[in-house]
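What follows is one structure encoded as structure tokens, with my remarks underneath.
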Amino acid sequence: MNYLEKIIASKKEELVEEKLHRSLADLKSMAADARPTLPFAKSIRERNGIIAEFKRKSPSKGLIHPTEIFPRNVVPYYEEAGVSAVSVLTNKQWFGGDLSDLQEASSCLGIPALRKEFIIDPYQVYEARAFGASAMLLIAAVLDVHQAEDLAGLAKELGLEVLMELHGEDEFGYMVDGVTVAGINNRNLKTFEVDLNHSIKMAKMLPAELPKISESGIRTIDDMLKLRQEGGFDGFLIGENFMRETNPGKSCIDFCKRYKDAL
């Protein structure tokens, strides 16, 4: 199996265990009592457009940050840097994340927290809301269109915004009701190879009314300027570029200042 197939297979197994540990009724109660959500798409357009990520490891590279680190040590500095939102990996087996990371991050922030996970079940939508997310990621490559409609519709009911991640032109039909931000991933989820030009090729075909995000493999200010100028992107999801540094928060502050000066 390729990376994506392995991740989804393990996610299905994890969900069985999670549902035994916490009932859907309990999750719904937690979601009803969760803190109010913050506007995600609006923040993309009104702040610097960067979604800075809290990410411990990846399937292809292993451990990213050299020491044990927690959201409270990082995400307040992301907000200070002027980013639009913070993405939190909650996948345990492949990315070393946890729902407690999302909960901790959202409690430290006055900007939206995005749950980044392989969401395939309505149970996970309630989890996102219950643990403090204002938005969640849906990945077209792991869903059929009907699943995407159902999950995005439920998110909308719960007050969550949706970043829909696309990889190819055959996935434009996934821009369903409830999606508030369009994303294109530069990483091939089957091989994990990265191609920034992929975003630019697809960008002009995305709905003009939605903010457009380029994801993965963005490392330099020049990368962002190229994507903004040639692809018309409103924002960028940046993870490993900050998290590989000893002090991710300081790295983000310095990067955002240089980006602002370059605009």
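The values are calculated or read from the model by the stated rules, or taken from the named source; none is laboratory data. Being a predicted model, the structure only gives us computed values, none of them experimental. Note that we place each Cβ from the backbone using ideal geometry, even for glycine, and neighbour counts take in every protein chain shown. With ligands, DNA and RNA removed, areas are computed over all heavy atoms of the protein, side chains included. Shrake-Rupley method; radii C 1.70, N 1.55, O 1.52, S 1.80 Å.
Data overview
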| read-out | value |
| --- | --- |
| Residues that are among the acidic types (Asp, Glu) and outside any helix (DSSP H, G or I), drawn from segment 18-53 | GLU53 |
| Filtered residue count, segment 144-167, keeping only those that are in contact (Cβ under 8 Å) with a residue 12 or more places away in the chain and open to solvent by 10 Å² or more (accessible area, probe 1.4 Å) | 11 |
| Condition met for PHE233 (touching a Lys or Arg at 6+ places or on another chain (Cβ under 6 Å), among the hydrophobic types (A, V, I, L, M, F, W, C) and buried (at least 17 other Cβ atoms within 10 Å of the Cβ)) | yes |
| Residue match in segment 54-64 (condition: touching a residue at least 24 places away in the same chain (Cβ under 8 Å), assigned to a helix (DSSP H, G or I) and either open to solvent by less than 70 Å² (accessible area, probe 1.4 Å) or in contact with a strand residue (DSSP E or B) (Cβ under 9 Å, 6 or more places away or on another chain) (or both)) | no |
| Test: PHE255 is touching a Cys at 6+ places or on another chain (Cβ under 8 Å) and open to solvent by less than 20 Å² (accessible area, probe 1.4 Å) | no |
| Within segment 91-108, considering residues that are open to solvent by less than 10 Å² (accessible area, probe 1.4 Å) and part of a loop (DSSP other than H, G, I, E, B), the one farthest from GLU161 (Cα to Cα) | GLY97 |
| Residue that is nearest to GLU161 (Cα to Cα) [pool: residues in segment 24-53 that are open to solvent by 70 Å² or more (accessible area, probe 1.4 Å) and acidic (Asp, Glu)] | GLU46 |
| Residues of segment 71-90 satisfying the condition of being part of a loop (DSSP other than H, G, I, E, B) and either modelled with pLDDT under 95 or closer than 17 Å to ASN241 by Cβ (or both) | VAL74, GLY82, VAL83, SER84 |
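Residues checked against (1) over 14 Å from VAL74 (Cβ atoms); (2) hydroxyl-bearing (Ser, Thr, Tyr); (3) touching a Phe, Trp or Tyr at 6+ places or on another chain (Cβ under 8 Å):
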{"residue": "MET224", "(1), (2), (3)": "yes, no, yes"}
{"residue": "ARG228", "(1), (2), (3)": "yes, no, no"}
{"residue": "GLY235", "(1), (2), (3)": "yes, no, no"}
{"residue": "GLU240", "(1), (2), (3)": "no, no, no"}
{"residue": "GLU245", "(1), (2), (3)": "no, no, no"}
{"residue": "LYS250", "(1), (2), (3)": "no, no, yes"}
{"residue": "TYR259", "(1), (2), (3)": "yes, yes, no"}
{"residue": "ALA262", "(1), (2), (3)": "yes, no, no"}
